[in-house]
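Report on the structure given below.
Taken together, the values in this text are just the output of simple stated rules run on the coordinates, not laboratory data. Everything numeric in this text was worked out from a predicted model, so none of it was measured. FYI the Cβ positions are ideal-geometry reconstructions off the backbone, even for glycines, and counts take in every protein chain you see.
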Ligand code: GAP
């Protein structure tokens, strides 16, 4: 347990030191478990979003995108059931130390995990209060007057924007069931216990896809999407032994779901949900039809049948995936990988992110920085590569130290310009994972790197 805590502390420290993640409003002491993504974090996050979008839109047929507003009519949240007890966590507080917990998360005691109502504080052993419900919607006001009529909510899930646009998308794109609508965007929840770094925060990004299908096909597609989503993580290099699917028990199903399953990851703090797959039945379209008075059923031209499609949802978090990729890729090598330099006494950090996810693809390094002709040539190579890849130029410190600095942030290739380069117009490419080096002609570089990054 102590080792796990230490691993998380090291990852949090690395992400701050190297510009992945910062505490929000840090100069004011931070704010409410909110985080900012730094220069490398934002590249990584964009890569995750791109990989997800490509998977949905390019690797599947009949899935289209959407970018709906964060603010919506409050009627949406009445129809969705989010303003009632359905979207609430159960809060308990310790009468001695006054720490607050989500009742379902207290190990061995939580009702939702098959236990009873928790009674004992997991921190100090004190007595817990009776559980009470706590709604997670973030309230705000629209317009200058802060009265009840002006109340709305920051969305708690992006999918509601998809449901209310079901008809618009269906008609404008002339789609036929089955089809999917996907979107990525911010969601907000007034979490009782935000914790574990960027695992659970009050502001986060979701990647959600809603698959509209005939009710008789819903079970089949629920199974299909579970496999597809698990494979997405595996194909991006997440270790198989750290992933699993956990089916929801009846008593823990979300208020909208007929069936549900979580893709879970083995974090240093335990197995936790990273993505939910739900069979939402006709709950959403039926309720939005009822509340809006618009018929949201689908007419099948071929069978002449009219019905409300069932929805299979895949719902993952961008920030949570970011943590998964970081934790899974983080490795410490005692004594270092390079046996030929002084570094052998140090612990080396290697971040083995998949090449699609790594924030920096290429670092361009002069062998030494006190030779102007080497520096000039290296900067020319850097300028040539910059429009094609996310690159860094680095001349500070010994070449071995610079390689290690790049390994620590997952840079896929280090290119070194040396004295030979001045005569031969070539350079060495060093592979992050194997440390193997090969010489290539500078004029071939863009093509070679593209091939290596895309294969
Ligand atoms: N539309 C269904 C839905 O929102 P969910 O299981 O509540 O389902 C789906 O959330 C995913 O969104 C989670 O698996 C997680 O990746 C992400 N997520 C939810 N709450 C989060 C939070 N407070 N912080 C970070 N990510 C969160």
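Please order 381, 368 by the number of other Cβ within 10 Å, starting at the fewest.
368, 381
Mean shadow of the stretch 245-321, computed from the convex hull of its alpha carbons, in nm²?
Taking a quarter of the hull surface, the average projection is 7.4 nm².
So what is the diffusion coefficient of the stretch 51-194 in µm² per second by Stokes-Einstein at 10 °C and 1.306 mPa s, using a Kirkwood Rh over Cα pairs? Spell out each step's value before the answer.
Working: Rh = 18.2 Å.
For these conditions, the coefficient is 87 µm²/s.
At 7 Å along Cα-to-Cβ for each site, give me the label-to-label distance between residue 452 and residue 245 in nm.
The two pseudo-label positions are separated by 3.7 nm.
What's the exposure ranking of 11, 145, 347, going from fewest to most Cβ atoms within 10 Å?
By the 10 Å Cβ count, ascending, the order reads 145, 347, 11.
Under a point spin-label approximation (7 Å from Cα along Cα-to-Cβ), what is the residue 17-residue 368 distance to one decimal in nm?
About 2.8 nm, to one decimal.
Take the stretch 406-455, compute every pairwise Cα distance, and split them into 5 Å bins from 0; I just need the percent in each bin.
5, 21, 28, 25, 15, 5, 1
What length, rounded to one decimal in nm, is gained on full extension from residue 231 through to residue 420, with 0.36 nm per residue of separation minus their alpha-carbon distance?
Details: separation 189, 0.36 × 189 = 68.04 nm, distance 4.44 nm.
In short, 63.6 nm is gained.
When a footprinting reagent is the concern and you count Cβ atoms within 10 Å, what order do 379, 119 take, fewest first? Spell out each step's value before the answer.
Numbers: 379 15, 119 11.
Going from sparsest to densest Cβ surroundings: 119, 379.
Please report, in cubic angstrom per residue, the volume enclosed by the convex hull of the alpha-carbon atoms of the stretch 194-279.
127
Report the full-extension gain for the segment residue 440 to residue 10: residue separation times 0.36 nm, less the Cα-Cα distance, to one decimal in nm. Show your work: numbers first, answer last.
Details: separation 430, 0.36 × 430 = 154.80 nm, distance 3.65 nm.
Value of the extension gain: 151.2 nm.
State the percent of C-alpha pairs, over all pairs in the stretch 351-455, separated by a distance greater than 18 angstrom.
Details: 2239 of 5460 pairs.
Tail of P(r) above 18 Å: 41 percent of Cα pairs.
Taking the 0 to 90 degree range and rounding to the nearest ten, how far is the long axis of helix 283-292 tilted relative to the main principal axis of the chain, both from C-alpha atoms?
So the helix axis and the longest Cα principal axis differ by about 60 degrees.
Between residue 258 and residue 390, what is the FRET efficiency for a Förster distance of 51 Å, r being their Cβ-Cβ separation, to the nearest 0.05?
Plugging the Cβ-Cβ distance into 1/(1 + (r/R0)^6) gives 0.75.
What's the ranking of 318-328, 126-136 by average number of surrounding C-beta atoms within 10 Å, highest first?
Packing proxy ranking, top to bottom: 318-328, 126-136.
Looking at the square roots a ≥ b ≥ c of the eigenvalues of the Cα gyration tensor of the stretch 325-404, which shape do they give, rounded for a/c under 1.5, prolate if a/b is larger than b/c, or oblate?
oblate
Show that you can apply the helix-only estimate: for the chain, add -39,500 (n - 2.57) for every DSSP H stretch of four or more residues, divide by all residues, and state [θ] at 222 nm to the nearest 500.
Numbers: 12 runs with 131 residues, N = 455.
That calculation yields -8500 deg cm²/dmol at 222 nm.
May I ask for the angle, rounded to the nearest 10°, between helix 399-408 and the longest principal axis of the chain, with both axes built from Cα atoms and the value confined to 0 to 90°?
Value to nearest ten degrees: 10.
Using just the C-alpha positions of the chain as equal point scatterers, what log10 of I(q)/I(0) does the Debye formula give at each q in 0.09, 0.10, 0.13 1/Å?
-0.71, -0.85, -1.23
To the nearest 10 degrees, how steep is helix 39-53 against the longest Cα principal axis of the chain, on a 0 to 90 scale?
60
What does the convex hull of the alpha-carbon atoms of the stretch 169-326 project to on average, in nm²?
For the Cα atoms of the stretch 169-326, the hull's average projected area reads 10.9 nm².
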